[in-house]
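Here is the structure we will look at.
Computed from the coordinates by the stated procedures, all read-outs in this text should not be read as laboratory data. Note that the structure is predicted; figures quoted are calculated from it, not measured. All Cβ positions, glycine included, derive from the backbone under ideal geometry; neighbour counts span all protein chains shown.
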Amino acid sequence: MGHARRHPERDVLLKLRSRPGEHTTHIEELPYQKLSQRLDLPANFRLVYGHMGEVLDRTDLLVTVSSTAALESLHRRIPTAILTDLGIREALGNHHFVGSGCLASWDQLDAGHRPEPDEEWVARQGVATGGRYGTAFDTARERIAGLLGRPGGLPPLTPYYTPVTAPGYLPGILARHHLGPDGTPLPGAPAADREPGPVRQIVRRAARGAYRHGVQRVAPVIRRMGEL
């Protein structure tokens, strides 16, 4: 909203994932719709919904903390900013964009800065601007073809975790998958091709149903009760 107030000549759109009442995979304790009702929104600030592509059709700057929308925006060659106001951290997901040339703060954007993406970084993400998708993955195809054409087949796997490099970590990981320290199946390990029994299938369906009910029905009621 601060950007909208500083630039009354611009339309600032807050793209939301879902409309009120729609269920998503993310449960928001404080939906933007409710937050906006408590604030004095500038006239040029609006909440918008719908298809991201339709919103990008009228966008000249996309600002996000971390989102796949940034890659879609870069594909369209729209100036794209990944916010750094809260730091660059794995918990935020914006660490993925280090080296992209897109990192910026609101102060920089307010001052007129428009990030310039690093073309090499963008290409490594599979975003081929300018209609180059037909040849964008030629290097990967050549690499795969070379590996498949090696005499004697593919080279053996060389995992980083071994009994030498991770003796205190690897055995526990393997045990959770019913494997011994040397990778052999432990006694009583379930067969890979064996279907779960009818009891386990019933329990799985019940657990999934209970989870969906909790997310879609119970959680919203608890949130509403907390607002009383």
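Observations, loosely collected:
- In sequence order, region 201-209 has phi-based couplings of 4, 5, 5, 4, 4, 5, 5, 5, x Hz under the Karplus curve 6.51 cos²θ - 1.76 cosθ + 1.60, θ = phi - 60°, and Gly or Pro positions carry x.
- Rg/Rg_globular for region 2-124, with Rg_globular taken as 2.2 N^0.38 Å and Rg from C-alpha atoms: 1.09
- Hull shadow area, averaged, the chain [alpha-carbon convex hull, nm²]: 20.5 nm²
- Antiparallel content of DSSP bridges confined to the chain, in %, to 5: 10 percent
- Residues with amide H under 5 Å from that of residue 180, placed H, sequence gap 5 or more: 186
- A cut-off of 5 Å between modelled amide H atoms, ignoring neighbours fewer than 5 places along the same chain, links residue 81 with 62, 63, 64.
- Per-residue ellipticity at 222 nm, computed for the chain from helices alone with -39500 (n - 2.57) per DSSP H run of at least four residues, works out to -9000 deg cm²/dmol.
- Difference of contour (0.36 nm per residue) and Cα-Cα distance, residue 48 to residue 125: 25.0 nm
- Coupling constants for region 119-126 follow from the phi torsions by the Karplus curve (6.51 cos²θ - 1.76 cosθ + 1.60, θ = phi - 60°), and in residue order they are 4, 5, 4, 4, 5, 5, 7, x Hz; glycine and proline get x.
- In nm, spacing of pseudo-spin labels at residue 176 and residue 58 (7 Å Cα→C-beta vector): 4.7 nm
- Using a Förster distance of 35 Å, the FRET efficiency for residue 216-residue 147 (Cβ separation, nearest 0.05): 0.15
- For the chain, the dipole from Cβ point charges (+1 on Lys and Arg, -1 on Asp and Glu) about the Cα centre works out to 980 debye, to the nearest 20.
- Counting every other Cβ atom within 10 Å of each residue's Cβ, 52, 1 order from fewest to most as 1, 52.
- Residue among 179, 53, 213 farthest towards the positive dipole end of the chain, charges placed on Cβ: 213
- Using the Cβ-Cβ distance between residue 164 and residue 91 with R0 = 30 Å, the FRET efficiency computed as 1/(1 + (r/R0)^6) comes to roughly 0.40.
- For 116, 9, the sequence from fewest to most other C-beta atoms within 10 Å is 9, 116.
- Ordered by the count of other Cβ atoms within 10 Å of each Cβ, fewest first, 34, 15 give 34, 15.
- Amide H contacts for residue 14 (H built 1.01 Å from N in the peptide plane; partners 5 or more residues away or on another chain; cut-off under 5 Å): 46, 47, 48.
- The residue among 203, 106, 87 whose Cα reaches farthest toward the positive pole of the charge dipole of the chain, with charges on the beta-carbon of Lys, Arg, Asp and Glu, is 203.
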